[in-house]
Amino acid sequence: MTKKDLFLELANPNKNGESRWVPILEFVDKYKELQLGNGGSWCRASSSLAKEYKIEFDKKVTSGNSIDKIRLIGFNNNKNFNQNIRKDIKDFYKKQNCVMLGVNGKSENTKIEIDHKDGRKNDHRISSLQGQELSDFQPLSKAANDIKRQICKKL
């Protein structure tokens, strides 16, 4: 059973995709896999759960930015962006240097990631493998791509 399936079983959404608030204290025994370690990868905006449902988090109980409760507030009807990149495009860029830092190393932060130039990822032509062009992508080091991702979140 996937983490998505476990949460859906626990939350028991209705026909409108709405559920009760599920406190993280219920992530025990059978549901222990749902415990939120590194930000809750199974319930992030890019997760399969978020592609199907709108998710709401309550962070009011615990101090800091910890998630205390999670609920579903309906179905997500937004068209999802397919982030897959064609193999020939990945192969073209993977041996090139980062366009920002000029590196292509073996350490975690200098490894090359193939990056969508449009960080907002709202051009659905690029979402289709057939519509992708080399000029839609660029080689970035992991460090540069992480920084770009944070900047794009603010836009």
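What to note about this one:
- Secondary-structure-derived ellipticity at 222 nm for the chain, considering helices only, amounts to -6500 deg cm²/dmol, per-run term -39500 (n - 2.57) for DSSP H runs with n ≥ 4.
- The C-alpha atoms of the chain define a longest principal axis, and helix 142-154 lies at about 60 degrees to it.
- Range in the chain, longest, excluding exposed GluC sites (Glu not before Pro) [loop by DSSP; at most 10 other beta-carbon atoms within 10 Å]: 1-107
- Taking amide H as placed 1.01 Å from N in the peptide plane, GLU18 has its amide H under 5 Å from the amide H of GLY74, each at least 5 places away in sequence or on another chain.
- Summing Cβ point charges (Lys, Arg +1; Asp, Glu -1) relative to the Cα centre of the chain gives a dipole of roughly 240 debye.
- Contour minus Cα-Cα distance for ASP118 and ARG86 (0.36 nm per residue): 9.9 nm
- Derived scalar couplings ³J(HN,Hα) [segment 17-22; Karplus, 6.51 cos²θ - 1.76 cosθ + 1.60; whole Hz; x for Gly, Pro]: x, 9, 10, 6, 5, 10
- Less than 5 angstrom separates the built amide H of LYS69 from those of ILE24, ASP58, all sequence-distant by 5 or more or on a different chain.
- Hydrodynamic analysis of segment 87-154 uses the Kirkwood radius over alpha carbon pairs. Inserted into Stokes-Einstein at 10 °C and 1.306 mPa s, it gives a translational diffusion coefficient of 129 µm²/s.
- Given the alternatives (i) 28; (ii) 39; (iii) 52, percent of Cα pairs over 23 Å apart as computed for this entry is given by (iii).
All of the numbers you see were taken from the coordinates with simple rules; none came from a lab. Everything quoted here is computed from the prediction, not taken from an experiment. Note that we place each Cβ from the backbone using ideal geometry, even for glycine, and neighbour counts take in every protein chain shown.
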